[in-house]
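See below for the structure under consideration.
The values are calculated or read from the model by the stated rules, or taken from the named source; none is laboratory data. These numbers were taken from a predicted model, which means no experiment stands behind them. In this analysis, Cβ positions are derived from the backbone assuming ideal geometry, glycine residues included, and neighbour counts consider all displayed protein chains.
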Amino acid sequence: MYDSTFFKELHEATFAKTIAQGITIVFFWSTTCTICQRLEPIAHSLARSYSPQITFAKVNIDDYPTLAREQNVQFLPTIKIFRRGLQLARIVGLKSEDLLRDAIKEAVGPALSSQ
């Protein structure tokens with residue numbers, strides 16, 4: 001799930017450093033979450049469009065429940081958009097690709113363009 005070609009796997013030791021650098025979108029997911037599985041192709045499409053301008057990352061909450069609690073992730077999937085460590089947006093649940101593209105553009109500004 002969430003191909004490592006496009007997504008960095010984050011954990012407690014790498015989370016803060018990764019989100020502190022530029023723009024990062026983090027997908028919180030679980031292997032047992034069917035909605036997360038439905039979001040995967042949309043997430044890959046976004047990563048293909050916006051990489052390398054944006055870093056795409058994932059956190060499996062089954063493997064890193066402490067990190068999920070620290071980030072106040074209560075529902076899956078949860079997507080967080082960060083710029084230099086500051087959370088710009090939080091999106092919960094399955095959303096369309098168009099809605100997610102709009103949320104990314106709104107959060108990071110007009111300077112960002114998809115490929």
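Residue count for the range 12-66 satisfying the condition of being assigned to a loop (DSSP other than H, G, I, E, B), aliphatic (A, V, I, L, M) and touching a residue at least 24 places away in the same chain (Cβ under 8 Å): 3. Report, ordered by the first and then the second residue, all pairs with beta carbons closer than 8 Å, sequence separation of six or more or different chains, a first member in the range 92-115 that is on the phi > 0 side of the Ramachandran plot, and a second member that is at pLDDT 85 or above. As it stands, the answer is GLY93/ILE35; GLY93/PHE75; GLY93/PRO77, since those pairs meet every condition given. Do we find that LYS58 is basic (Lys, Arg), touching a strand residue (DSSP E or B) at 6+ places or on another chain (Cβ under 6 Å) and within 19 Å of LEU94 (Cα to Cα) in this structure? Against the criterion (basic (Lys, Arg), touching a strand residue (DSSP E or B) at 6+ places or on another chain (Cβ under 6 Å) and within 19 Å of LEU94 (Cα to Cα)), LYS58 qualifies.
The single condition among (1) crowded, with 16+ Cβ neighbours inside 10 Å; (2) over 16 Å from LEU10 (Cβ atoms); (3) basic (Lys, Arg) that ARG38 does not meet is (1). Considering each residue of the range 53-68 in turn, at least one proves to be more than 13 Å from the chain's Cα centre (by Cα), modelled with pLDDT under 95, surrounded by fewer than 18 Cβ atoms within 10 Å (Cβ to Cβ) and not hydrophobic (A, V, I, L, M, F, W, C).
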